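Laboratory data are not the source of any read-out in this text; all were calculated from the coordinates shown. Source: prediction; values computed, not measured. Every residue, glycine among them, receives a Cβ derived from its backbone with ideal geometry; neighbour counts consider all protein chains shown.
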Amino acid sequence: MLTEKQLQKYADVLIWGLKKARKKKYKKGDIVVVQFDLGALRLAEILQVKLLQIGLNPLIKMSGTETMVRDFYMNANNDQLVWNSPWSRKYAKNINGGICLYASEDLTFLKDVDSKKIAKSAISRKFLKDIFERRGQEREYGWTLCCLPTKALADGAGMNLKDYTNQIVRACYLDTIDPVKECENMYKSSQSIQKRLNHMLVKSYHIKSLSIDMVITLGDNRKWLGADGCNIPSFEIFTSPDWKGTEGVYYADFPSYRNGNYVKGVKLVFEKGKVVKASAEKGEKFLKSQLETDGGAKGIGEFALTDKRFSKINAFMADTLFDENYGGEHGSMHIALGDSYTDTYDGNLKTMTKAKKKKLGFNDSLIHWDLINTERKTVTAKLYDGNEVIVYRDGKFII
């Protein structure tokens, strides 16, 4: 487990991430919600003190236990599944920041729950997602999150708890004198790569590995982002492409835990932007149920690459937060089925409307499911002038 000193540093990094993610200075009296799992109690206590000391108003909320969440889905009737607190909308419109602390004690606690129930409940809360997205675009809301080591996560990753904890310590710079300074240095290096990517006039990217052969169309008015504080850690550099231009075969060699279900060996075939064939070595039924969540679930909302020079994560972690930032021998990439990030729009976000989002090919969905590949790969950019440039090879950006 993390020591008291490491937890103090973790809290400092999270506050750095919160500030970086909002891209607008917090002012005295702004409200920041700290939502935490029971296993993250001590980190929540530390964050409360630090937020008070910088003049913010922390709102401390413990999440329901995994037993409570499972019991809700197993016992709620249709009306209860879609019920939302009458204060939910006011809450979403008034908070200025959010820090989520995850500490899972059971990775498959929803495996026996009907996925349609989960989807129905999620649909009823979409208005909250839309509020947070809009307020984020207006720079009135920012968020970050992290994950604490637990025995369940270590077991799921096939590691002992000490080794699992050490992966997190290294990944989040908790073994350094000044982890915030390390985060800032990494952010600047990532910004340099993003700047070079964003200066290229790219029509599409061709990704090739042992199991992947696919084309992703970048789309108009796009930019690459990354290391922006929204996740701790965050080494990935990502964009939300025009989902309509996705073609070819994608394979996730890393397993995935989602909604309490275990899925392994996902293979997806895309035609005209949609998944037309999907299979999995394990969890195929759940995979296919997710693809039927809504009209956007079969398209992609994100394309991301992680440079192995940034990330010290070199093992499967059984948690997407770490796995999507895997460095290892060959770096990693992931696509996300479902919702896109409209902040990758290279323009004034205040002008973004639902119609404009649709026209530009930003995908809209209730789900956002990252699927990770760690094979050696080459990513080639096809430019509008017809030239081709390799931008990523053997785990590193080479532009």
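Remarks
- Qualifying residue in region 89-110 (condition: among the polar types (S, T, N, Q), in contact with a Gly (Cβ under 6 Å, 6 or more places away or on another chain) and closer than 27 Å to R258 by Cα): yes
- Selection status of E302, under 25 Å from Y141 (Cα atoms) and in contact with a Pro (Cβ under 9 Å, 6 or more places away or on another chain): yes
- Matching residues in region 187-213 - criterion: being aliphatic (A, V, I, L, M) and either crowded, with 19+ Cβ neighbours inside 10 Å or free of Cβ contacts under 8 Å to residues at least 40 places away in the same chain (or both): I193, L197, V202, I207, I212
- Among residues of region 198-218, those that are out of contact with any strand residue (DSSP E or B) (no Cβ under 6 Å at 6 or more places or on another chain) and under 27 Å from V269 (Cβ atoms), counted: 1
- Residue within region 253-261 that is among the basic types (K, R) and within 30 Å of G142 (Cβ to Cβ) present: yes
- Selection of region 63-87 for residues being among the polar types (S, T, N, Q) and more than 19 Å from K129 (Cβ to Cβ) yields T65, T67, N75, N77, N78, Q80.
- Sole residue being surrounded by fewer than 18 Cβ atoms within 10 Å (Cβ to Cβ) and within 30 Å of N166 (Cα to Cα), chosen from N314, N348: N314
- Residue match in region 320-339 (condition: among the hydrophobic types (A, V, I, L, M, F, W, C), under 17 Å from the mean Cα position of the chain (by Cα) and more than 25 Å from G273 (Cα to Cα)): yes
- Listed by position, the strands (runs of 3 or more DSSP E) contained in region 130-243 that have at least 2 residues being in contact with a Leu (Cβ under 7 Å, 6 or more places away or on another chain) and not polar (S, T, N, Q) are 142-147, 202-209, 236-239.
- Subset of region 259-293 [over 21 Å from N363 (Cβ atoms) and among the hydroxyl-bearing types (S, T, Y)]: Y262, S279
- Residues of region 170-185 satisfying the condition of being out of contact with any Phe, Trp or Tyr (no Cβ under 7 Å at 6 or more places or on another chain) and surrounded by 20 or more Cβ atoms within 10 Å (Cβ to Cβ): Y173
- Qualifying position, being closer than 22 Å to I212 by Cβ, in contact with a Phe, Trp or Tyr (Cβ under 9 Å, 6 or more places away or on another chain) and surrounded by fewer than 18 Cβ atoms within 10 Å (Cβ to Cβ), among K308, K282: K282
- Which numbered condition A297 fails, given (1) within 28 Å of D394 (Cα to Cα); (2) buried (at least 20 other Cβ atoms within 10 Å of the Cβ); (3) small (G, A, S): (1)
- Residue in region 355-399 that is surrounded by the most Cβ atoms within 10 Å (Cβ to Cβ), counting only those that are touching an Asp or Glu at 6+ places or on another chain (Cβ under 8 Å), among the basic types (K, R) and more than 24 Å from L321 (Cα to Cα): K382
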